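Asker: Quick one: structure below, then a few questions.
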Amino acid sequence: MNNKTLSTYGLTRLPFSKDIPASEMLDTEALQTARERLKAALEGRTSAVMTGDSGSGKTCLLRALEEDLPQGRYRIHYVHNATVNRRDFYRQLSIGLGLEPRAAFAALFASVSQHIQDLASQHKLRIVLLIDEAHMLPLSVLDQMHVLMNFERDSKPCCRSFWWAFPSCARHSNAMCCSR
């Protein structure tokens, strides 16, 4: 789109670019409703699954939600490479949390789990894992998610996960349901 076309319609930039700030997105009733539902899941300290076809606005919703959240209350970690094995998934989390990634899976899990628990208890932060392209996660990672969400014998909701996926993720629905 050239400058003449933009000025003809009174635009200063492309109207449907991917880099539009969440605050400038068209705030439709559907977007508001989805945002409120996800905020309720966060406040209720539960996990959630968001499905939709490619281009339906799942990631835009994620950006709008993230912009709405109080700054000092949540620590958001965005995971977008879902085609990894269990150990590499934890390595991603470890790096995203600012930790030194360990070589062994058990050490990775212990380090990530302890760090999340420390952030929640010492800093009063609510940790949220935003997992994009979750339909691509291997079952070995999905099976592990409920273990990662288990703190103090499943009595403390230190961490929650939000899953963004294509509708085809229904084949993984049982594993996802385990991730309360």
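Asker: Could we say that His80 is over 15 Å from Arg45 (Cα atoms), surrounded by fewer than 16 Cβ atoms within 10 Å (Cβ to Cβ) and either within 15 Å of the chain's Cα centre (by Cα) or in contact (Cβ under 8 Å) with a residue 40 or more places away in the chain (or both) here? Break it down into steps so the answer makes sense when it comes.
Answerer: Values: over 15 Å from Arg45 (Cα atoms): yes; surrounded by fewer than 16 Cβ atoms within 10 Å (Cβ to Cβ): yes; either within 15 Å of the chain's Cα centre (by Cα) or in contact (Cβ under 8 Å) with a residue 40 or more places away in the chain (or both): yes.
Yes, satisfied.
Asker: Restricting the stretch 1-44 to residues that are outside any helix (DSSP H, G or I), more than 15 Å from Thr59 (Cβ to Cβ) and polar (S, T, N, Q), which is farthest from the chain's Cα centre (by Cα)?
Answerer: My answer is Asn2.
Asker: If I ask for residues that are among the basic types (Lys, Arg) and more than 18 Å from the chain's Cα centre (by Cα), which ones from the stretch 101-156 would you list? First the steps, then the outcome.
Answerer: Of the residues in the stretch 101-156, the ones among the basic types (Lys, Arg) are 102, 124, 126, 153, 156.
Hits for the stretch 101-156 are Arg102, Lys124, Arg153, Lys156.
Asker: On to the next question. Going through the stretch 28-40 one residue at a time, which ones are surrounded by fewer than 17 Cβ atoms within 10 Å (Cβ to Cβ) and under 15 Å from Ser161 (Cα atoms)? Before you say what the answer is, go through the steps one by one.
Answerer: Of the residues in the stretch 28-40, the ones surrounded by fewer than 17 Cβ atoms within 10 Å (Cβ to Cβ) are 28-30, 32-33, 36-37, 39-40.
If the condition is that a residue be surrounded by fewer than 17 Cβ atoms within 10 Å (Cβ to Cβ) and under 15 Å from Ser161 (Cα atoms), then Arg37, Lys39, Ala40 are the ones that fit.
Condition check ((1) of a type outside the set (D, E, K, R); (2) touching a residue at least 24 places away in the same chain (Cβ under 8 Å)) across all residues:
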{"site": "Ala48", "(1), (2)": "yes, yes"}
{"site": "Arg63", "(1), (2)": "no, yes"}
{"site": "Glu66", "(1), (2)": "no, yes"}
{"site": "Asn85", "(1), (2)": "yes, yes"}
{"site": "Phe89", "(1), (2)": "yes, yes"}
{"site": "Gln92", "(1), (2)": "yes, no"}
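Asker: Are there any pairs, at least 6 apart or on different chains, whose C-beta atoms fall under 7 Å, with the first in the stretch 1-26 and farther than 12 Å from Ala64 by Cα and charged (D, E, K, R) and the second modelled with pLDDT of 80 or more and exposed (fewer than 10 other Cβ atoms within 10 Å of the Cβ), and if so, which?
Answerer: Listed by first residue and then by second, the contacts come to nothing, as the list is empty.
Asker: Let me ask something additional. Out of all the residues in the stretch 55-62, is one or more buried (at least 18 other Cβ atoms within 10 Å of the Cβ), part of a helix (DSSP H, G or I), among the hydroxyl-bearing types (Ser, Thr, Tyr) and touching a Ser or Thr at 6+ places or on another chain (Cβ under 9 Å)?
Answerer: No, because not a single residue in the stretch 55-62 is buried (at least 18 other Cβ atoms within 10 Å of the Cβ), part of a helix (DSSP H, G or I), among the hydroxyl-bearing types (Ser, Thr, Tyr) and touching a Ser or Thr at 6+ places or on another chain (Cβ under 9 Å).
Asker: Would you mind listing the helices (runs of 4 or more DSSP H) fully within the stretch 90-180 where at least 2 residues are among the hydrophobic types (A, V, I, L, M, F, W, C) and modelled with pLDDT of 75 or more? Full working, then the answer.
Answerer: Details: elements: 105-122, 139-148, 173-177.
In the stretch 90-180, 105-122, 139-148 are the helices (runs of 4 or more DSSP H) which contain 2 or more residues that are among the hydrophobic types (A, V, I, L, M, F, W, C) and modelled with pLDDT of 75 or more.
Asker: Further question on the same structure: Which condition does Asp132 not pass, out of (1) more than 30 Å from Gly55 (Cβ to Cβ); (2) acidic (Asp, Glu); (3) in contact (Cβ under 8 Å) with a residue 24 or more places away in the chain, if it passes all the others?
Answerer: (1)
The values are calculated or read from the model by the stated rules, or taken from the named source; none is laboratory data. Because the structure is predicted, anything quoted here is derived from the model rather than measured. Please note: Cβ atoms are built from the backbone with ideal geometry, for glycine as well, and neighbour counts cover all protein chains shown.
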